[in-house]
Amino acid sequence: MSQETIWDRLQRIDRRVIYWLLFILLMIPFIRPLGLPVSISPQAISLVEGLRKLKEGDVVVVNISSGVSAWPECLPSLVAVSKVLIQQKAKIIYWTSFVDGHMTFEKIVEKVPGFRGLTYGVDYVHLGFYTGAEPTVAQLATNIRAIFTTDYKGTPIDQLPIMKGVNSAKDVKMVISSDTGDYCDYYIRQWRIPYGVPTAEIGIAMIFSQYQPYWPEIIFGMTGGARGGAELEKLIGELGDATVTMDAINTSHLLVIVAVILANIGYAATRRR
Amino acid sequence: MGYPTTIDGILGIWTALALMLFVYSYPLFKENQLFRFAEHFFIGLSLAIAAIISIQTTIRLAITPLMAGKIYYIIPILLGFMMYFILHRDYRWISRYPIAILVGSSIGLGMRGTIIPNILSQIIATITPPKAGAVALSWFNFVYIGIGTILAVMYFLLTFEHRGPLLYPTRLGRWIIMIGLGAYYGNTVLFRMAMLSGRAQFLLQVLGLVPF
Amino acid sequence: MAEVVRRELVYILTAIVVIIMIVDFFFAVPAVSAVAGELRTWATIISTMALALGAVNIIRVHSRNVRRRTPGVWYHSAWLIFIFAFVMLLGMLDINNPASNPIYKWIFDYSYVSLGQTWYAITGFYIASAAYRAFRARNVDAALLLIAGIFVMLMNAPIGEVIWVQIPVIGRWFNDVGQVPAMRTFLIVAAFGLLAFGFRTLLGRERGFYGEVAGG
């Protein structure tokens, strides 16, 4: 029987060692920030350029199809986009396909100082929760009032000044969708293609891969996860939560890459024998 | 948002931290009763919230219009209740009627909507060459995407066995798919790590080591 | 007759709904559009009411555990049912605005948010150990996957640029160009799959979603 080498032992390392190492490494940058700059993707630039084309009073729908569980990934982009929309003096309609979406809305309002000078129901509103996937998104495109009769607090939609004259996709200038799933597909199929409403995606990092073939022909801009959030924060000149998160990403990614390299060296060494 | 100063706030963040540690005791140590406690707590909580939102939204969307005179809203409400027969073996067939409406509308909308963005636009984007004066890399990318897409689509031609003239194109197609999945994996790692870093940050915040 | 009501009528209803949705898109017939709109609203109402279906089912399963005193399980099931009932009660006190109840809001703010993020993040551990245990360059396929993955990871992490200034350039190529043929293929293939699935449904050949296999 051949003698056990270090590579053999590394192949059998307890998974909990990796878990602990990962969790500790993730904490270090929060205590000692590295402060490395984040480069900006063309997709994020085109997103902000698209938002900057909005004029005062244009109605924009922000679809929150991500839950509180995805805040570290999705919230920074939602916050950054909301800041730009306020700068453009757009009217913002939020709605959500997550049962906890109202918490995300309230968190956005808490994190964006620009909302302090605005009036709820006049400049921005949260219409609340909807479910039903594509049929509901299609119905929202033709008749918003068939799905939302009130806002999320129960105020009748016709008592909200922001909703005056806003009945369907034809009255909306832009849709921004924050997804952990595939709701943006529905907005592409039911809003972007039939009505030509410019659409953008600001979901989790994997979404970036999924929607890359749509950019820039079908969706005018997109960001992926915390990285995308950090890019937006840099673009609008207001560094925030995502920039901090990206610091922690450095150590965790290094660990994963070192793990892959070590495992492959070990694999090659043991296979040769 | 700073460190909570109220009793309920302080109690809240420590409860949140305890629940987090209960859950992570499973990967970091081993299966245990605290993990099970937190797991069942979350399931009960999530179900209750889903049920509450379901009732609240049904009232706004269906009951209120019904009360306001839209008598025919009784039909979708009945269809909604018919869904619950799915739980009863003998009467499960009743739930097929609301499912027919859900599936029928989803498929109809999907079929009519998918052709332009997912087939036509994708083909147009693939065969549209770079503008005049484009750099060599743009032309390389154009050729790579064009040929790569054809090869990758060929890999999904499952009607024919991948041998003979199809052997090498489908093998290349598989490599193209692997490159795509590799990039997807890279983004997946980013997503998972960003989520976990949020938890690591929360732990440090509750301990007062970094600001809230 | 029973067979007609249980199966044939359902297939016909599905096909009619599919046809209405398609006709509504391609032909501007006001009557069809009105029916299509109403059907979409109905679908939303059915989905909304079905949201609680999962709750009913899981509570049923856990109630059985408690009734039978299933060893090692029943007290967890009892705990789940208690939490469900307690939070439901709090929420029902003001169904229009459940968060107006401070206890409900406290549970939501500190338990639900924390546990939601914790559960969602737990896969971070597993992806790290999977990277160590599963990602071996055993052949060209796996090597290509690893190379693309590593460059995208290093591009995503700002430290990649510190290691080598060209890393973000290569990583961005994989992200913006390298993965496009594969992702585009998935879109095209899935679209054709959806069309085929739709036509099979129209013809009554696709029946899995009715739960026929499961019984009834």
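The values are calculated or read from the model by the stated rules, or taken from the named source; none is laboratory data. Everything numeric in this text was worked out from a predicted model, so none of it was measured. Every residue, glycine as well, gets a Cβ built from its backbone with ideal geometry; the counts of neighbours run over all protein chains shown. Remember, those area values only see protein heavy atoms, side chains included, never the ligands or the DNA or RNA. Shrake-Rupley method; radii C 1.70, N 1.55, O 1.52, S 1.80 Å.
Carbon-plus-sulfur accessible fraction, region C:1-51 (probe radius 1.4 Å, protein heavy atoms only): 77%.
Rg of the Cα atoms in region C:1-51, relative to 2.2 N^0.38 Å, amounts to 1.34. Measuring nothing but how far apart in sequence close Cα pairs (under 8 Å, 6+ apart) lie, relative to its length, chain A scores a relative contact order of 26 percent. Accessible area buried by the pairing of C and A, both sides summed with a 1.4 Å probe, works out to roughly 4900 Å².
Looking at chain A alone, DSSP beta bridges between its own residues are antiparallel in about 5 percent of cases. Please identify the chymotrypsin sites (Phe, Trp or Tyr not before Pro) of region C:15-67 that satisfy two criteria: DSSP loop assignment and at most 15 other Cβ atoms within 10 Å. Which are they? Loop-located and lightly packed - C:27.
Of the complete DSSP H runs in chain C, those spanning 20 angstrom or more by Cα along the long axis with a mean Kyte-Doolittle score not below 0.5 are C:9-26, C:30-50, C:74-93, C:140-156, C:180-202. In a DSSP loop and with at most 12 other Cβ atoms within 10 Å, the chymotrypsin sites (Phe, Trp or Tyr not before Pro) in region B:137-183 are B:160.
Of A:243, A:199, A:150, which has the largest mean-square fluctuation in a 10 Å C-alpha GNM of chain A? Residue with maximal mean-square fluctuation among A:243, A:199, A:150: A:150. Between residue A:3 and residue B:78, the modelled labels are 8.3 nm apart [label points 7 Å from Cα along Cα→Cβ].
Under the rule a/c < 1.5 gives rounded, and otherwise a/b versus b/c splits prolate from oblate, where does region A:177-273 land using the Cα gyration tensor? The shape class here is oblate.
Scanning chain A for GluC sites (Glu not before Pro) in DSSP loops with at most 11 neighbouring Cβ atoms within 10 Å leaves A:57-273 as the longest stretch between them. Rounded to the nearest 20, the size of the Cβ-charge dipole of the protein assembly as shown about its Cα centre is 1340 debye, with Lys and Arg at +1 and Asp and Glu at -1. Within the shell of other residues whose beta carbon sits under 13 angstrom from the beta carbon of residue C:120, the net charge comes to 0, with Lys and Arg scored +1 and Asp and Glu -1. Along each principal axis, taking the top coordinate minus the bottom one, the Cα set of the protein assembly as shown gives 78, 66, 61 Å in descending order. Expressed to the nearest 5 percent, the antiparallel share of DSSP beta bridges inside the protein assembly as shown is 5 percent.
For chain A, the longest principal axis of the C-alpha atoms and the axis of helix A:15-31 are separated by about 60°.
Taking springs between alpha-carbon atoms closer than 10 angstrom, which of C:134, C:148, C:78 fluctuates most in the Gaussian network model of chain C? With Cα springs under 10 Å in chain C, the top fluctuation among C:134, C:148, C:78 is at C:134. Counting only protein heavy atoms and a 1.4 Å probe, region C:1-74 has 51 square angstrom of accessible area per residue. For the pair residue B:128 and residue C:31, a Förster radius of 60 Å applied to the C-beta separation gives a FRET efficiency near 0.90, rounded to the nearest 0.05. Excluding same-chain neighbours fewer than eight residues apart, the aspartates and glutamates reachable from residue A:91 by a Cα-Cα span under 13 Å are A:56, A:58, A:123, A:171. Listed cross-link partners A:89/C:105; A:83/B:70; A:107/B:70; A:53/A:234; A:53/A:170; A:83/A:164 are compared with a 29 Å cut-off, the Cα-Cα value being larger for A:89/C:105; A:83/B:70; A:107/B:70. Once the Cα atoms are used to define both axes, helix A:133-142 deviates from the longest principal axis of chain A by about 30 degrees.
Which residues, if any, in region C:182-209 lose at least 30 square angstrom of accessible heavy-atom surface (probe 1.4 Å) when the other protein chains sit next to their chain rather than the chain being alone? Output list: C:182, C:183, C:184, C:185, C:186, C:187, C:188, C:189, C:191, C:194, C:195, C:209.
Taking trypsin sites (Lys or Arg not before Pro) across region B:18-89, the ones in a DSSP loop with at most 16 further Cβ atoms lying within 10 angstrom of their Cβ are B:30, B:70, B:89. Computed from Cα atoms, the angle from the helix B:7-28 axis to the main principal axis of chain B rounds to 50 degrees. Highest mobility in the GNM of chain A, judged by mean-square fluctuation with C-alpha springs under 10 Å and restricted to A:177, A:66, A:209, is found for A:209.
Counting only DSSP H runs of at least 4 residues, each contributing -39500 (n - 2.57), and dividing by the residue count of chain B, the helix-based mean residue ellipticity at 222 nm comes to -23500 deg cm²/dmol.
Dividing the convex hull volume of the alpha carbon atoms of region C:76-216 by its residue count gives 289 Å³ per residue. Surface calculation, 1.4 Å probe, protein heavy atoms: residue C:140 sits at approximately 70 Å² accessible.
With helices as the sole contributors, chain C gives -22500 deg cm²/dmol at 222 nm; each DSSP H run of n ≥ 4 counts as -39500 (n - 2.57), and the sum is divided by every residue.
Peptides C:181-189, A:131-139 ranked from most to least packed by the mean count of surrounding Cβ atoms within 10 Å: A:131-139, C:181-189.
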